[in-house]
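The values are calculated or read from the model by the stated rules, or taken from the named source; none is laboratory data. Worth saying up front: this structure is predicted, and the values here are computed from it rather than measured. So basically every Cβ, Gly included, is an ideal-geometry build from the backbone, and we count neighbours across all protein chains shown. Just so you know, the surface numbers come from the protein's heavy atoms only, side chains and all, with ligands and any DNA or RNA stripped out. Shrake-Rupley method; radii C 1.70, N 1.55, O 1.52, S 1.80 Å.
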Amino acid sequence: TENVITSENVRLYYGEKEALHGVNLDFKQNEITALIGPSGSGKSTYLRCLNRINDLIPDVTVTGSIKFDKKDIYAPDVDITELRKRIGMVFQQPNPFPFSVYENVAYGVKLAGRNKVSKQEMDKIVEDSLKKAAVWDEVKDNLNDSALSFSGGQQQRICIARVLAVKPEIILLDEPTSALDPISSYAIENTLLDIKNDYTIIIVTHNMQQASRISDKTAFLLDGKLVEFGPTQEIFINP
Ligand code: ADP
Ligand code: ADP
């Protein structure tokens, strides 16, 4: 399969400080790629280049090239709102809005400008998204309850459902399970394995076991440099 995202010589500066020193990495459809490496190695920074969310931090400069679907995502004419619909993101801390479960998932769809969705269609999108995120059975009888009334693991799957509802092509996850207990973490891992055939998934994790359990490819970052990249089974073979 072809690369969906290709990044070449990506450098990122926080002010004067170079945090990424020329990263070349590419990602294929239907694959999960794990970004691993010690704390401070640049995993989150690199991930946040892929949907341009670093743009929100003042004084950040990104150089090099990142192509998504063969187009440079840093080109001047890129519509960043459109880009972020195609590239969804899940954060370390589950961050549902303080609204109902239903509204949380529907909100993404409304935000994506699909306002003309009928109530009936929206019901279906909400149900399908929560099912894909493997949390439907746990929330279906309480869709009008605040998302905050659920456990951390359930909240994180609600957040995944919110991303899925927008129908992204790429899903970025930044340590999505590190705030969760092991059972909830496994639930998230299984969710990612269930949905991976429809997406390109890139996950930052400091958990090597997690990377080896779920990823097809592993990229190892150290001090802002890519030091290893390849099929996960090859990366995790003992030296
Ligand atoms: P994690 O390792 O879990 O990603 P960090 O402690 O690295 O968490 O970062 C938490 C937040 O603080 C992020 O938003 C990051 O951008 C910001 N941050 C990290 N290091 C610095 C720094 N040296 N100066 C300013 N902000 C920072
Ligand atoms: P990781 O995700 O691997 O823990 P980060 O990408 O969070 O690493 O951080 C990489 C480096 O960039 C670290 O030295 C961190 O302190 C620095 N950094 C991260 N965010 C910021 C920020 N907003 N401002 C300044 N420095 C930052």
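Scanning the stretch 13-50 for residues that are assigned to a strand (DSSP E or B) and within 11 Å of ligand 1 (Cβ to nearest atom) yields a count of 3. Listed by first and then second residue, the pairs linking a residue in the stretch 2-23 that is open to solvent by 30 Å² or more (accessible area, probe 1.4 Å) to a residue that is among the small types (G, A, S), with Cβ atoms under 6 Å apart and 6 or more places separating them unless they lie on different chains, are E8/G64; E8/S65; N9/G22; N9/G64; R11/G22; R11/G64; H21/G224.
Note on the stretch 76-98: residues that are under 15 Å from the mean Cα position of the chain (by Cα), over 17 Å from K110 (Cα atoms) and hydrophobic (A, V, I, L, M, F, W, C) amount to 2. I need the full set of residues from the stretch 200-229 which are away from ligand 2 (no atom under 16 Å from the Cβ) and open to solvent by less than 10 Å² (accessible area, probe 1.4 Å), in order please. Result: T200, I201, I214. Picking from residues in the stretch 1-56 that are over 29 Å from L193 (Cα atoms) and modelled with pLDDT under 95, the one that is nearest to ligand 2 (Cβ to nearest atom) is L56. Among the conditions (1) open to solvent by 10 Å² or more (accessible area, probe 1.4 Å); (2) more than 17 Å from the chain's Cα centre (by Cα), the only one that S41 does not satisfy is (1).
Of the residues screened, V117 is not one that is surrounded by 14 or more Cβ atoms within 10 Å (Cβ to Cβ) and closer than 24 Å to I201 by Cα. Annotation: of all residues in the stretch 51-72 being assigned to a loop (DSSP other than H, G, I, E, B) and under 13 Å from the mean Cα position of the chain (by Cα), the one that is surrounded by the most Cβ atoms within 10 Å (Cβ to Cβ) is N51.
Would a scan of the stretch 81-102 turn up a residue that is in contact (Cβ under 8 Å) with a residue 12 or more places away in the chain, open to solvent by less than 70 Å² (accessible area, probe 1.4 Å), over 18 Å from I202 (Cα atoms) and assigned to a helix (DSSP H, G or I)? Checking the stretch 81-102: at least one residue is in contact (Cβ under 8 Å) with a residue 12 or more places away in the chain, open to solvent by less than 70 Å² (accessible area, probe 1.4 Å), over 18 Å from I202 (Cα atoms) and assigned to a helix (DSSP H, G or I). Return yes or no: is T1 in a loop (DSSP other than H, G, I, E, B), polar (S, T, N, Q) and over 20 Å from the mean Cα position of the chain (by Cα)? Considered against the rule, which asks whether it is in a loop (DSSP other than H, G, I, E, B), polar (S, T, N, Q) and over 20 Å from the mean Cα position of the chain (by Cα), T1 comes out as yes.
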